[in-house]
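Written out below as C-alpha cells is the structure these notes cover.
The values are calculated or read from the model by the stated rules, or taken from the named source; none is laboratory data. Computed from a prediction, not measured in an experiment: that's the story for all the values here. Backbone-built Cβ (ideal geometry, glycine too); neighbour counts: all protein chains shown. Ligands, DNA and RNA are stripped out before the accessible areas are found, and what is left, the full protein with its side chains, is counted by its heavy atoms. Shrake-Rupley method; radii C 1.70, N 1.55, O 1.52, S 1.80 Å.
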Amino acid sequence: MNNRTAEIVSVGTELLLGELVDTNAAWIAGELRRLGYYVYYKTTVGDNRVRLAETIGRAFGRADLVVVSGGLGPTDDDLTREAIADVCGAVPHEDPELLRQLETMFASRGRPMPPGNRKQAWMIPGGRSLENPIGTAPGWWIERDGRTIVAMPGPPHEMKRMWNERVKPDLPKGSSILW
C-alpha cells in the first residue's frame, strides 16, 4: 500500500473567532488515520475567497487528499465552491440535476427554494457532487493530477453522514501501519 498524505482545511470565520469549536477537523483526522493516511497539516481559514483559495491550493500542492469542511452554504460568505474552482482554474456552472434535487427537497418541506440556494447547485467540469440527505449543501469530489479534493458541509451531523456514506467508501486506502 502507498503512503498517502492528507490535509484538512476547516472553513469559517466563526472558527477563527472562537465562536465555534472545530470538532470536524479532529474527527476527520481520526478517520483518515484509521484509513492509513498521513495527516501533516490542519488549517483553519476564514470566509475570504482569496485566502481560502490560497490555503486549498497550498494543501492541494502537497497532499494526495485535501478534505475541506465548511463554506458550502447558500450565503454570500460561503465561498468554498468558488475557491476550489479558482484552484482548479475552472468556472462553476449550475448543474440542472443538482438544481432539481434542491428544488425537490424544498418542495417536500412545503417551502419554495430561496434564490440564494441556487449556488448550491454549482459544479465545475470533471467534478462530482456528493449527496447530502439531511441538508441543503451537496459536497464536491474533485480529482486533478492524481490528487483529490473533497468538500463537505460544516454542520457536524451533515459532514459525518456524508463522510460515512459518500466519501469514505470511495477513498483509496493508505498504509496499514502508521508511525
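Here are the numbers for the structure shown:
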{"quantity": "Computed FRET value (nearest 0.05) for ASP145 with THR13, which takes r as the C-beta separation and R₀ as 25 Å", "calculated": "0.25"}
{"quantity": "Shape category assigned to the range 63-103 from the gyration tensor of Cα positions, a/c cut at 1.5", "calculated": "prolate"}
{"quantity": "Given charges at Cβ of Lys, Arg, Asp, Glu: the range 85-159 dipole, positive-most of VAL91, TRP141, MET105", "calculated": "MET105"}
{"quantity": "Estimated translational D of the range 1-99 in µm²/s (Stokes, Kirkwood radius over Cα pairs; 20 °C; 1.002 mPa s)", "calculated": "151 µm²/s"}
{"quantity": "Area of ILE84 that stays accessible when all protein chains are in place (1.4 Å probe, Å², to 10)", "calculated": "0 Å²"}
{"quantity": "Charge context of GLU143, other residues only, Cβ under 15 angstrom, K/R +1, D/E -1", "calculated": "+2"}
{"quantity": "Residue-level accessible surface for HIS93, protein heavy atoms, 1.4 Å, Å²", "calculated": "80 Å²"}
{"quantity": "Karplus-derived 3J(HN,Hα), 6.51/-1.76/1.60, for each residue of the range 125-135, Hz, glycine and proline x", "calculated": "x, x, x, 9, 8, 10, 4, 10, x, 10, x"}
{"quantity": "Whole-Hz couplings from phi, Karplus 6.51/-1.76/1.60, listed for the range 67-75; x for Gly and Pro", "calculated": "10, 10, 10, x, x, 10, x, x, 8"}
{"quantity": "Probe 1.4 Å, accessible area per residue of the chain, Å²", "calculated": "48 Å²"}
{"quantity": "Hydrodynamic radius of the range 1-54 per Kirkwood, over alpha carbon pairs, in Å", "calculated": "12.1 Å"}
{"quantity": "Gain upon complete extension [ARG100, THR23; 0.36 nm per residue less C-alpha separation]", "calculated": "24.5 nm"}
{"quantity": "The chain: antiparallel DSSP beta bridges as a percent of all, rounded to 5", "calculated": "35 percent"}
{"quantity": "Gap separating the Cα centres of the range 1-50 and the range 94-159, nearest whole Å", "calculated": "20 Å"}
{"quantity": "Protein accessible area in the chain, 1.4 Å probe - carbon and sulfur %", "calculated": "51 percent"}
{"quantity": "nm² value of the averaged projected area, convex hull over the Cα atoms of the range 86-179", "calculated": "7.8 nm²"}
{"quantity": "Correct option for log10 I(q)/I(0) by the Debye sum over Cα atoms at q = 0.08, 0.09, 0.17, 0.20 Å⁻¹ [calculated from the coordinates] among (i) -0.47, -0.53, -1.07, -1.25; (ii) -0.23, -0.29, -1.05, -1.44; (iii) -0.33, -0.42, -1.42, -1.52", "calculated": "(ii)"}
{"quantity": "Other-chain or far-sequence residues with amide H under 5 Å of LEU79's (modelled H)", "calculated": "none"}
{"quantity": "The range 17-116 - charge dipole about Cα centre, Lys and Arg +1 at Cβ, Asp and Glu -1, debye rounded to 20", "calculated": "380 debye"}
{"quantity": "Relative contact order (percent, whole number), the range 73-179, Cα cutoff 8 Å, 6+ residue spacing", "calculated": "21 percent"}
